[in-house]
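Since the structure comes first, as structure tokens, the remarks are kept for the end.
The values are calculated or read from the model by the stated rules, or taken from the named source; none is laboratory data. What you see is a predicted model, and the numbers here were worked out from it, not measured in a lab. Cβ: placed from backbone, ideal geometry, glycine included. Neighbour counts: every protein chain shown.
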């Protein structure tokens, strides 16, 4: 976490610099909400708090940690942002803040923002995507069950529709790649793949809208997707790996303004 | 984002259910801080806000978005948690909230928490780790420069120290694997590798402390690390890939309570 002491949130845990001498700088301390995050993280890391557990009420947590309620609430927001807590509204049973298991949406938002800010170069993202999806496709060829294959078929049918818009095509395309990762049975891998493909959704859609010969482009994408699904459903991991890498490379190269990996 | 309307933070954007009829439930709306997050995200996605840009002051942002200052601050905390914003303290020039590029620590905390909560099974994490690090090691064999190789040598020397504690060994071990990923030159990949290895730091250290024949264990880890570095420094991607997978599999199998991938 970044160290962000907070001037107008001075609780018992903070320190005021009491000396005017320039050599005396305020002691660097985590701000209130970071101390609360650390306290909650400690409980999670030690196994005291597990998924489904209810946090103590905001007021009680503030009193126990001797911090402001605003600090507690900010900490809760951060951990909600990570998909680790979830707040249910109301005053009856079932209301309150629970320990949650919601990593996917949080990871996708995280990557989408950092990709948009170019904190990762788009070329790195495409390269990472190729490596992850190669491995995912190989796993899927070993492990995909009938339901997973049916879902992949359904998504190809959406993209096969001659009337499909570029946006609907892009959505089904994203879903197809995420479904392959899910078919591999590793949820961390499928969340990362989904987040990376999701973070590229806007740049890929922007590139789609610039394609002049959309019909040719889309036919080649359909054939490549079909080839990947065939390798997966016939249980050929190495072929699934090879076709996936080839597909992502050639699609990136064919799209205006997308980097070649 | 999770949908968490917030009863005591009713701003102009919120809705109160005005009817007692049970069929009338409150309209589901994003809570204040989520609307602020969305507003900031929109600016980032459209390129209006880029790294280094200063956000408007909290008060001004609250007025422009017609929400409470608490809502603005909570949104800022969430985006700080993602490493997308950074707040500098003080009242002079340089104070304020900036758009930042700090993905690594945020990603590591995220994965560490979700691994601790078993939202990803440790077996999945080890499997994901093998796939990522295989690819990283192969990239490093193609791209590592002299500085990267020197850093890897330095970390092996730390682990070679006969007096090294299990904790210091674990830290240098983590750093070695992250440095290989960094040597591959893809920052998204090295952040993910670092975050995954970092999320396993506590369980691996716990397993280390239970090893009865530490000398034998540590000698085999040293030999495996040395073998990986040799494959990288002699530019053999396939060998680097093979030795990395073998190392992670055999180390996981040798550690008490760690799953075999």
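Out of A:140, A:179, one residue alone is surrounded by 16 or more Cβ atoms within 10 Å (Cβ to Cβ) and over 17 Å from the mean Cα position of the chain (by Cα). It is A:140.
Taking the listed residues A:235, A:194, A:198, A:185, the one that is within 14 Å of chain B (Cβ to nearest Cβ) and part of a loop (DSSP other than H, G, I, E, B) is A:185, with no other qualifying. Among all residues of region A:77-100, there is at least one that is part of a loop (DSSP other than H, G, I, E, B), surrounded by 15 or more Cβ atoms within 10 Å (Cβ to Cβ) and touching a strand residue (DSSP E or B) at 6+ places or on another chain (Cβ under 6 Å). Residues that are buried (at least 17 other Cβ atoms within 10 Å of the Cβ) and assigned to a helix (DSSP H, G or I) within region A:246-261 comprise A:247, A:248, A:251, A:252, listed in sequence order.
Of the numbered criteria (1) assigned by TED's automatic domain parsing to the domain that holds residue B:183; (2) at pLDDT below 95, the one residue B:50 fails is (1).
Counting residues in region B:31-45 that are at pLDDT 70 or above, more than 29 Å from residue A:121 (Cβ to Cβ), part of a helix (DSSP H, G or I) and more than 10 Å from chain A (Cβ to nearest Cβ) gives one or more.
The single condition among (1) in a helix (DSSP H, G or I); (2) surrounded by 20 or more Cβ atoms within 10 Å (Cβ to Cβ); (3) in the same structural domain as residue A:201 (by TED's automatic domain parsing) that residue A:74 does not meet is (3). Condition check: closer than 21 Å to residue A:45 by Cβ and either without any contact (Cβ under 8 Å) to a residue 40 or more places away in the chain or surrounded by fewer than 19 Cβ atoms within 10 Å (Cβ to Cβ) (or both). Does residue B:201 satisfy that? The answer is yes for residue B:201.
Residue check: is residue B:110 at the interface with chain A (Cβ under 8 Å from one of its Cβ atoms), part of a helix (DSSP H, G or I) and under 28 Å from residue A:45 (Cβ atoms)?
Judged against the criteria, residue B:110 is a match.
Condition check ((1) more than 7 Å from chain B (Cβ to nearest Cβ); (2) touching a helix residue (DSSP H, G or I) at 6+ places or on another chain (Cβ under 7 Å)) across all residues:
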| residue | (1), (2) |
| --- | --- |
| A:79 | yes, yes |
| A:82 | no, yes |
| A:85 | yes, yes |
| A:89 | no, no |
| A:97 | yes, yes |
| A:100 | yes, no |
| A:118 | yes, no |
| A:123 | yes, no |
| A:135 | no, yes |
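Residues in region B:51-68 include none that are closer than 30 Å to residue A:135 by Cα, within 23 Å of the chain's Cα centre (by Cα) and part of a loop (DSSP other than H, G, I, E, B).
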